[in-house]
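Accompanying notes for the structure given below.
The values are calculated or read from the model by the stated rules, or taken from the named source; none is laboratory data. Note that this is a predicted model, so its numbers are computed, not measured. For neighbour counting, all protein chains shown are included, and Cβ atoms are generated from backbone atoms with ideal geometry for every residue, glycine included.
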Amino acid sequence: MGFFDKLKQGLSKTKNSFDEKINNVFSAFRKVDEDLLEELEEILIMSDLGINTSSKIISKLREKIKKENIQDTENVKEALRQEIQNILDETENTLNLNTKPSIILVVGVNGVGKTTSIGKIANKLKTQGKKVVIAAADTFRAAAVEQLEIWANRVGCDIVKREEGIDPASVVYDAIQITKQKNADVLICDTAGRLHNKKYLMDELKKIQRVIEKELPDADKEVLLVLDATTGQNAIEQVKAFKETSSITGLILTKLDGTAKGGVVIGIVNENKIPVKFIGVGEQIDDMEIFNSKEFAQAIIE
């Protein structure tokens, strides 16, 4: 199954709620007028895109309709897809891992799929011929380390772990030394699940980042925030919280196959200018794909 088919399948709930509503609007309106645009804007807002993003899309759509004298509803639908894609393309989503070693720091609250995402990304990098080391720096949960170790063994890469409760920054320090010794290409660091009201955990995250800056000052660094698509508007609050302590370079969107709220990602990208870099489209080891904005827009609006 190709990426587009996986994405369509994963987005089926979002697509059905979004696409159905969009199609209902177009079938109800025979001509392209202001009433049609107002209905479309309401659908976008109800689909978790947010008021600002929905207004921006409709405003651009209105301009395009006027400029190109669009009178066919199918052409309006295509223009709507294009405007969604334009928002997703405003930020560069290429993974910046050009130095050796490079480092990926994975952050997010518990339960969003951080460990699974790390395993899948490690697998993707391995298939590209890269040597990967994983740092199990979520030392607050023994289960997280065990799960990460299973993934590391499955993928066939080294894992650096220490006993439960040890300082997470020291695990990252050790992992950096091992990465250098093994001449590895990429170090991926797991971190403890954080909530914005858990100040000590956010402080730990800052400490980890200081260690990375000190030990690998010239390395390319990606800080990827994992978001569970099923949380909808709550995902927006998580982005705000993590932006306060980390320079987030990209988003990993998980659990798209379990939600009708996939539209929230469009609002998050627009409001924060942070690109989606990976998208989880299933449970298998190879179900972590580099985000493709055109296919995403096509998958949610048929």
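Of the residues 43, 58, 70, the single one that is out of contact with any Phe, Trp or Tyr (no Cβ under 9 Å at 6 or more places or on another chain), buried (at least 18 other Cβ atoms within 10 Å of the Cβ) and farther than 27 Å from residue 248 by Cβ is 58. Scanning the range 155-171 for residues that are within 27 Å of the chain's Cα centre (by Cα) and either over 14 Å from residue 191 (Cβ atoms) or part of a strand (DSSP E or B) (or both) turns up 155, 156, 157, 158, 159, 160. Restricting the first member to the range 30-46 and to residues that are touching a residue at least 60 places away in the same chain (Cβ under 8 Å), and the second to residues that are among the polar types (S, T, N, Q), the beta-carbon pairs closer than 7 Å and six or more apart or on different chains are 44/54. If you filter the range 84-117 down to residues that are surrounded by fewer than 19 Cβ atoms within 10 Å (Cβ to Cβ) and part of a helix (DSSP H, G or I), you find that the one that is farthest from the chain's Cα centre (by Cα) is 86.
Yes/no per residue for (1) over 30 Å from residue 176 (Cα atoms); (2) among the aliphatic types (A, V, I, L, M); (3) at pLDDT 90 or above:
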site	(1), (2), (3)
18	yes, no, no
28	yes, yes, no
36	yes, yes, no
50	yes, no, no
104	no, yes, yes
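Among the residues examined, residue 185 does not qualify as at pLDDT below 95 and among the acidic types (Asp, Glu).
Here are 72, 158: which of them is of a type in the set (Asp, Glu), at pLDDT below 90 and over 23 Å from residue 240 (Cα atoms)? Step through it out loud before you land on a result.
Working: 158 fails: at pLDDT below 90.
Only one candidate passes the filter, namely 72.
If the condition is being closer than 22 Å to residue 180 by Cβ, of a type outside the set (Gly, Ala, Ser) and surrounded by fewer than 14 Cβ atoms within 10 Å (Cβ to Cβ), then the range 125-161 contributes only 128.
For the range 266-299, taking the residues that are of a type in the set (Gly, Ala, Ser) and over 14 Å from residue 89 (Cβ atoms), the one that is surrounded by the most Cβ atoms within 10 Å (Cβ to Cβ) is identified as 299.
Of all residue pairs spaced 6 or more apart or on separate chains, none has beta-carbon atoms under 6 Å together with a first member in the range 54-72 that is outside any helix (DSSP H, G or I) and a second member that is surrounded by 13 or more Cβ atoms within 10 Å (Cβ to Cβ) and small (Gly, Ala, Ser).
Evaluating residue 194 against the criteria (1) modelled with pLDDT under 95; (2) part of a helix (DSSP H, G or I) leaves one unmet condition, (2). The combined condition, being crowded, with 22+ Cβ neighbours inside 10 Å, in contact (Cβ under 8 Å) with a residue 60 or more places away in the chain, basic (Lys, Arg) and closer than 16 Å to residue 186 by Cα, is fulfilled by residue 120.
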